[in-house]
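Peer 1: Below you will find the structure I want to go over with you.
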Amino acid sequence: MTSVYGTQKDPINLYNTSLLKSTSDDQVPLALKELGYSTNNYLVDVRLALGYASVIVAALTAFYDHKVGFFAAKYPWTVLGLFFYAAFNIAYTYWIWFVEAGVIYSGTKGPLKVSIATNKGSKKSKYDPVYDIKVTVSSEKTKAVSEKTGTFDGWFATNGMIDYKKFAAWISSAVSEAEAKVSETASKKKN
């Protein structure tokens with residue numbers, strides 16, 4: 001049984017759009033779990049691996065430098081450590097900006113794959129109390145995109161707590177719209 005507030009434990013400041021967005025983002029996996037989707041953590045796993053790899057390289061390089069001294073460690077190990085650290089950080093940054101590209105949820109339900117991203121191409125100010133999402137649902141041969149915009153006052157109560165049922169219904173309608181487009185496209189291709 002899901003709480004009326006989803007996973008939110010404490011009220012948030014309704015004038016902080018960043019908190020409104022992150023609290024809404026946190027509820028998306030729960031809403032999609034209720035629709036039968038299971039989370040795919042591949043994007044997060046790769047991000048964590050790249051981040052930890054760069055930290056480990058930096059720690060090993062610093063430890064080696066501390067043990068033997070800077071001038072003794074400079075060539076080739078410190079230079080190699082610097083190179084690998086930079087390479088991992090460049091890969092990490094590329095992954096976040098161009099591969100994840102704002103994706104807040106990735107999951108599957110049978111043959112369907114769903115991806116929900118916050119809409120970065122929006123012309124709205126980051127201070128506008130608007131939640132823009134882009135839902136992509138794909139099957140083996142078809143893909144459909146549904147974009148939806150909602151205002152935070154549609155699912156946040158005046159006490160700073162999220163009304164999870166309203167939010168889940170809003171997310172569900174966006175996902176259902178994309179699923180319907182996939183089904184429609186698939187049936188047209190069969191005919």
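The values are calculated or read from the model by the stated rules, or taken from the named source; none is laboratory data. Fair warning: this is a prediction, and the values are worked out from it, not measured in the lab. Note that we place each Cβ from the backbone using ideal geometry, even for glycine, and neighbour counts take in every protein chain shown.
Peer 1: Given the stretch 92-151, what strands (runs of 3 or more DSSP E) lie entirely inside it while holding 3 or more residues that are of a type in the set (S, T, N, Q) and either touching a Leu at 6+ places or on another chain (Cβ under 8 Å) or more than 24 Å from residue 50 (Cα to Cα) (or both)?
Peer 2: 143-151
Peer 1: Could you list, in sequence order, the residues of the stretch 95-153 that are polar (S, T, N, Q), without any contact (Cβ under 8 Å) to a residue 60 or more places away in the chain and closer than 16 Å to residue 24 by Cα?
Peer 2: 115, 119, 149, 151
Peer 1: With the condition kept exactly as written, say whether any residue in the stretch 63-82 is farther than 30 Å from residue 37 by Cα, without any contact (Cβ under 8 Å) to a residue 40 or more places away in the chain, surrounded by 17 or more Cβ atoms within 10 Å (Cβ to Cβ) and of a type in the set (Val, Ile, Thr).
Peer 2: yes
Peer 1: Hey, another quick one. Could you grab me the full set of residues in the stretch 168-191 that are out of contact with any Leu (no Cβ under 9 Å at 6 or more places or on another chain) and either at pLDDT 90 or above or among the acidic types (Asp, Glu) (or both)?
Peer 2: Once the filter is applied, which keeps residues that are out of contact with any Leu (no Cβ under 9 Å at 6 or more places or on another chain) and either at pLDDT 90 or above or among the acidic types (Asp, Glu) (or both), the stretch 168-191 yields 169, 170, 173, 174, 177, 178, 180, 181, 184.
Peer 1: So, one more: Is at least one residue of the stretch 92-107 among the charged types (D, E, K, R) and surrounded by 15 or more Cβ atoms within 10 Å (Cβ to Cβ)?
Peer 2: yes
Peer 1: How many of the residues making up the stretch 78-113 are under 29 Å from residue 176 (Cα atoms) and not small (Gly, Ala, Ser)?
Peer 2: Residues in the stretch 78-113 being under 29 Å from residue 176 (Cα atoms) and not small (Gly, Ala, Ser): 14 in total.
Peer 1: Of everything in the stretch 108-133, what is hydroxyl-bearing (Ser, Thr, Tyr) and exposed (fewer than 12 other Cβ atoms within 10 Å of the Cβ)? Give them in sequence order.
Peer 2: 125, 127
Peer 1: Here's something else I'd like to know. Within the stretch 148-162, how many residues are surrounded by fewer than 16 Cβ atoms within 10 Å (Cβ to Cβ) and either within 19 Å of the chain's Cα centre (by Cα) or of a type in the set (D, E, K, R) (or both)?
Peer 2: Of the residues in that region, 2 qualify.
For (1) outside the structural domain of residue 31 (by TED's automatic domain parsing); (2) closer than 29 Å to residue 20 by Cα, each residue gets a yes or a no:
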{"residue": "58", "(1), (2)": "yes, no"}
{"residue": "70", "(1), (2)": "yes, no"}
{"residue": "96", "(1), (2)": "yes, yes"}
{"residue": "116", "(1), (2)": "no, yes"}
{"residue": "152", "(1), (2)": "no, yes"}
{"residue": "158", "(1), (2)": "no, yes"}
{"residue": "161", "(1), (2)": "no, yes"}
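Peer 1: Can we say residue 165 is loosely packed, with under 15 Cβ neighbours inside 10 Å, outside any loop (DSSP other than H, G, I, E, B) and modelled with pLDDT of 90 or more?
Peer 2: Taking the combined requirement at face value, the residue satisfies it.
Peer 1: Just for the stretch 19-58: of the residues that are farther than 30 Å from residue 84 by Cα and without any contact (Cβ under 8 Å) to a residue 12 or more places away in the chain, which one is surrounded by the fewest Cβ atoms within 10 Å (Cβ to Cβ)?
Peer 2: 22
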